[in-house]
Amino acid sequence: MKITLPKFMLRKAMRIRVNPKPLEPATEGAQTIPENLQKKTTPALVESLSDNDPFIRSVAAEVLGRLKERAAVENLIALLKDHSKYVREKAAIALGHIGDRSAVPALIEALNDESEEVRVTVAGVLGHLHDRMAVPALVHSLADISPLARMKAAISLGIIKDSAAVGPLYNALKDENELVRKYACEALGNIGRHAVPALLLALRDERVRAHAAQALLKIK
């Protein structure tokens, strides 16, 4: 069967534009939306750090950290005393991302936080900041009641690589927690030659012998 289209439909089809006219470019001097938002982002986020909702405060802290916004360091330091442990933890992480060492004293104080999660996070952040000022506080954290906090403290001491931590890390090889002993060995290995005598002694302990041997082999 042959189908014939009405003439009015054919005329309409012929008027269809195949290549539509492109959008007109923005006029010179016009400011785009992203540029406008860029100028308002940091002040808005900093203001959100004092929002009544802890979820808003935590999100603002996290975003400021990801943006590495140094202008927010003082506000984030203040947030380490927030009544929400989740907000305190996010503030510590943000300070770690920003990497401003002026936050180290406040983070050291936060190692005494009542929340295990906060202490664990702060111990890790202090290692990330590579500041030897934190060594005595991290050494103290090797005796924290939380095995996770002790483990993080050992890892951070190994990252900072201060020989003053050799003795305390050697004592941590007797920790009741296997992971703490393991990471204390690795930390000694990271410190290097100053830790060799401690690792040689550790070879006599069956619980850490294998970890001590691995740490020794990594020392150059």
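Where a number appears in this text, it was derived from the coordinates with a stated rule and is not lab data. Every value quoted in this text rests on a predicted model; they were computed, and no experiment measured them. Here Cβ is always computed from backbone atoms with ideal geometry, including for glycine, and neighbour counts include all displayed protein chains.
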(request) Report, in whole Å, the centroid distance computed from the Cα atoms of the stretch 161-220 and the stretch 78-127. (result) 27 Å
(request) Please work out how much length the chain gains when fully extended from LYS81 to GLU116, using 0.36 nm per residue of separation minus the C-alpha to C-alpha distance, in nm with one decimal. (result) 11.1 nm
(request) Please give the peptides 41-52, 60-71 ranked by average Cβ packing (other Cβ atoms within 10 Å per residue), highest first, as a rough proxy for protection. (result) 60-71, 41-52
(request) Run the quick spin-label model on ASN177 and ARG132: label points 7 Å from Cα toward the beta carbon, then report their separation in nm to one decimal. (result) 2.8 nm
(message) For the ranges 145-153, 168-176, what's the packing order if you count other beta-carbon atoms within 10 Å of each residue, average per peptide, and put the highest first?
(response) 145-153, 168-176
